[in-house]
Amino acid sequence: MKRFLSLLVVLLMLPSVSALRGETTWNLVTDASTLTVGDQIIIASSQKDYAMSTTQNTNNRGQAEIVKTDDQCTLTADVQIITLEKGTLPNTFALFVGDGYLYAASSTNNYLKTQTEVDANGSFVIDIDEDGVATMMAQGENTHNNLRYYSGLFSCYANTEGNVCLYKKTGIVNHT
């Protein structure tokens, strides 16, 4: 009988027990100075609900759907999560994608490819305006070096029109 009463007390207390659960949020970056080595980011179109996908095409990256709400977004499974690493030049970041680094791959074509080593063509200066629109420029000799979104693709272009934004991963602990 004592066991039964003890079990009953435990069962009655379960709803009041609080559990911690970590939940990931992705927040729009509006100040480049808040980015640091080790941050996880995604690169998204500043005008549409698309982010860079995990699909490495021959010369560029495809798009994956996201849902933007205010200054946050929700990802799909195909979104490329990028880890910021130190670039080869001062004040630059390398964009690590799990099997290598994104880099501006041409001076004459709009190419964004993945390579295993970091060099200046894979070292990006990142500037972000107050609205969160980012300009990402690789620092190597390749002159098509501005990472942009255009017509369903993420690639590097010669012009500096900023039309991408960055979302940074943050963790929030919720009580349930």
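The values are calculated or read from the model by the stated rules, or taken from the named source; none is laboratory data. Small disclaimer: the values here were computed from a predicted structure and weren't measured. When we count neighbours, we look across all protein chains shown, and the Cβ atoms used for this are built from the backbone with ideal geometry, even at glycine. Only protein heavy atoms, including side chains, enter the accessible area calculation; ligands, DNA and RNA are left aside. Shrake-Rupley method; radii C 1.70, N 1.55, O 1.52, S 1.80 Å.
Do you know which of the residues in the stretch 47-63 that are modelled with pLDDT of 95 or more and crowded, with 17+ Cβ neighbours inside 10 Å is nearest to residue 152 (Cα to Cα)? The residue in question is 63.
Residue-wise test of (1) closer than 15 Å to residue 146 by Cβ; (2) touching a Pro at 6+ places or on another chain (Cβ under 7 Å); (3) in contact (Cβ under 8 Å) with a residue 40 or more places away in the chain.
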| site | (1), (2), (3) |
| --- | --- |
| 49 | no, no, no |
| 89 | no, no, yes |
| 98 | no, no, no |
| 107 | yes, no, no |
| 120 | yes, no, no |
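For the stretch 19-39: of the residues being surrounded by 11 or more Cβ atoms within 10 Å (Cβ to Cβ) and modelled with pLDDT under 95, which is farthest from residue 132 (Cα to Cα)? Among residues in the stretch 19-39 that are surrounded by 11 or more Cβ atoms within 10 Å (Cβ to Cβ) and modelled with pLDDT under 95, the one farthest from residue 132 (Cα to Cα) is 24. Has the stretch 83-95 got at least one residue that is open to solvent by 60 Å² or more (accessible area, probe 1.4 Å) and assigned to a strand (DSSP E or B)? Scanning the stretch 83-95 turns up at least one residue that is open to solvent by 60 Å² or more (accessible area, probe 1.4 Å) and assigned to a strand (DSSP E or B).
Taken together, 79, 133, 118, 125 contain a single residue that is among the β-branched types (Val, Ile, Thr) and open to solvent by less than 30 Å² (accessible area, probe 1.4 Å), which is 79. Inside the stretch 145-176, can you point out the residues that are open to solvent by 30 Å² or more (accessible area, probe 1.4 Å), modelled with pLDDT of 95 or more and over 25 Å from residue 49 (Cβ atoms)? Within the stretch 145-176, 158 is the sole residue that qualifies.
Could you pull out the residue among 110, 91 that is at positive phi and either at pLDDT 95 or above or not hydroxyl-bearing (Ser, Thr, Tyr) (or both)? Result: 91 is the single residue among 110, 91 that is at positive phi and either at pLDDT 95 or above or not hydroxyl-bearing (Ser, Thr, Tyr) (or both).
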